[in-house]
Amino acid sequence: MNKEKSAVQEKSERGSFSGKLGYVLAVAGSAVGLGNIWRFPYLAAKYGGGMFLLVYLILVLTFGYALIMSETALGRMTVKSPVGAFRTFGQKPVFRFGGWINSLVPMIIVPYYCVIGGWVIKYLAEYLKGNTQILADGSYFSEFTADAVSVEGWFIVFTVLVIAAICAGVKHGVERVSKIMMPVLVVLAVVISAYSVTRPGALAGVKYLFVPNLENFSLMTVVAAMGQMFFSLSIAMGILYTYGSYIDKDIDLEKSTKQVEIFDTSIAVLAGLMIIPAVFAFSNGDASALQAGPSLMFITIPKVFASMGMGTLVGVLFFVLVLFAALTSAISLMEAGVSTFMDELGWGRGKCTVLMSVIIFVLGSASALGFNALDFITVFGMSILDFFDFLTNSVMMPIAALATCILILRAVGLKAIAEEIEISSAFKRKRMYNFCMKYIAPVFLIIILLSSIANVFGWIKM
Ligand code: PHE
């Protein structure tokens, strides 16, 4: 009884969402971001198109589902962020480590996320100035990123926006704005992709994105799809523990998870449809264009806009929406870091926000300058930004997810998770969930982890 009361009290101090819709929107706002619009298309382009999409979908529906349910249920059960949630079930080093690795991931992602956010603002500013044709020039992006002052400056602009939003406590404001911006984003994405797929030569791109070709399969397809699934759904980084800790016991976890997965994946596929067919249409059959990596969106999308009527207007609108999606995600990433510091260091919100800002500034500047002033530094052959991306998505997130699996299998018990979920609804996919957690997840995560490390050290070629 007492315990129950303290949980309720604690919940009101932590704040909570304004109900089911508020919760789904907040999770969707965190999930839909640069991961869907910038990261998914370039990975799909690079790692096999339809094959990548197929592997990605399978992972989202099995693993992704099991992990979202696990993290949210653990957060709701313990009313804690990851470090605290892990500690609730024991002091063993493996649990302490598990909590921390989940919390560290967002702290490493948010700095480079802000660098990409800066690129988005830069492009928005250029569209506002009407430089639609200049942006469409194939070398514009590399010239921009070669300019240290510019990249660093726009990174700082984006970061300041995120920090300002956090300080202003706009969490609830974000909830409200999301209700308008998200649907507008969907409509615009549909319009742009319809335009993109009807360009001459674009159909080959549609085929590339949707038709799996076994020849394009490699272990790297699975590693990349897995990392993307973590990144895009905001899993294996403590976010959903924190969000789960904010929700009431009457929210149907199964249904809201399904809604978030459908929404997040649809936006990613739409972004793929905006970008990949355009690569085919504008590259005159040059397959190497598919390999562009992180710069793909910034090179292809401007070409699409430059060829459209009212391209400048579309450009402005598009980058405003991407900026918004990036901001909501960056806010939730930074919040996760701040709340971990608050819980663990016992400091106030202000001090923790300053600490997090310093981390963003240092790691973000390194990522931004990695394209210019520091371009002589490469880590395992990757630029600094790529390295942080690889380190988090392909190494730390599988470990973090594995830690959650171990916590559930060894300490919490599958039964307790099922009971938590069943407080609010039937648990229809329980058998699939249990099978996934018990057998597939641990084995698969270890294989992924080992193979991505072996790949970096050049022991295997993927
Ligand atoms: N899921 C977000 C995206 O797709 C990124 C993100 C990860 C946001 C983790 C919050 C937490 O861009």
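Bear in mind these aren't lab numbers, they're just calculated from the coordinates by the rules spelled out. As the structure is a computational prediction, the values presented were derived from the model and not from experiment. Cβ sites come from the backbone with ideal geometry, for glycine too, and all protein chains shown count toward neighbours.
Values as computed for the structure displayed
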item	result
Cross-link partners of LYS415 among aspartates and glutamates (Cα-Cα below 18 Å; sequence separation of 8 or more within a chain)	GLU71, ASP252, GLU254
Unit charges at the beta carbon, dipole of the chain: most positive-side option, ALA325, MET182, PRO398	PRO398
Cα-centre dipole for the range 10-165 with unit charges at Cβ (Lys and Arg positive, Asp and Glu negative), debye to 20	780 debye
Sparsely packed chymotrypsin sites (Phe, Trp or Tyr not before Pro) within the range 396-462, loop by DSSP, other Cβ within 10 Å at most 12	PHE457, TRP459
Most to least packed among 109-115, 147-153 [average Cβ atoms within 10 Å]	109-115, 147-153
Cα pair distances in the range 218-366, grouped into 5 Å bins until the bin that holds the longest one, percent each	1, 7, 11, 16, 16, 15, 14, 10, 6, 3, 1, 0
Point-charge dipole on Cβ atoms (K/R +1, D/E -1) for the chain, about Cα centre, debye to 20	1120 debye
Spatial extent of the chain: Rg and Dmax, with the Cα atoms as the point set, Å	21.3, 70
Paramagnetic reach from ALA426 (point 7 Å along Cα→Cβ, amide N under 16 Å) across the range 252-286	252-256
Within the range 443-462: backbone nitrogen closer than 14 Å to the THR378 label point (7 Å, Cα to C-beta)	456-458
Full-stretch length increase - ALA194, ASP147 - with 0.36 nm per residue and alpha-carbon distance subtracted	13.5 nm
Signed unit charges on C-beta, dipole axis of the chain, positive-most listed residue ALA148, ASN455, CYS436	CYS436
Estimated 222 nm signal from helices in the chain, with DSSP H stretches of n ≥ 4 weighted -39500 (n - 2.57), rounded to 500	-23500 deg cm²/dmol
Debye-sum result for the range 346-454 in log10 I(q)/I(0), which assumes one identical scatterer on each alpha carbon, at q = 0.19 Å⁻¹	-0.97
Difference of contour (0.36 nm per residue) and Cα-Cα distance, VAL354 to VAL211	46.7 nm
In degrees, nearest ten, helix 397-406 long axis to first principal axis of the chain (Cα)	20 degrees
Sorted peptide list for 213-219, 303-309, 400-406, criterion being average Cβ within 10 angstrom, highest first	400-406, 303-309, 213-219
Spread of Cα-to-Cα distances over 5 Å intervals beginning at zero, given as percent, for the range 405-462	4, 17, 19, 17, 13, 10, 8, 6, 4, 1
Under the Karplus curve 6.51 cos²θ - 1.76 cosθ + 1.60, θ = phi - 60°, whole-Hz ³J(HN,Hα) for the range 209-214, x wherever Gly or Pro sits	6, 9, 9, x, 10, 4
Simple Cβ-charge dipole of the range 332-436, Lys/Arg +1 and Asp/Glu -1, about Cα centre, in debye nearest 20	480 debye
Top positive-direction residue, dipole computed over the range 192-265 with Cβ charges, set THR257, GLY227, ASN213	ASN213
Per DSSP, loop trypsin sites (Lys or Arg not before Pro) in the range 378-462 with at most 12 further Cβ within 10 Å	LYS428, LYS461
Burial ordering of THR198, THR62, fewest other beta-carbon atoms within 10 Å first	THR198, THR62
Gyration tensor verdict on the range 314-373 (Cα atoms; rounded if a/c is under 1.5, prolate if a/b is larger than b/c, oblate otherwise)	oblate
Directionally averaged shadow of the range 14-112, computed from the convex hull of its alpha-carbon atoms, nm²	8.2 nm²
Calculated from backbone phi, Karplus (6.51, -1.76, 1.60) coupling profile of the range 252-259 in Hz, x at Gly/Pro	6, 5, 5, 5, 5, 4, 4, 4
Distance in nm between pseudo-label sites at LEU57 and SER288 (7 Å out along the Cβ direction from Cα)	3.3 nm
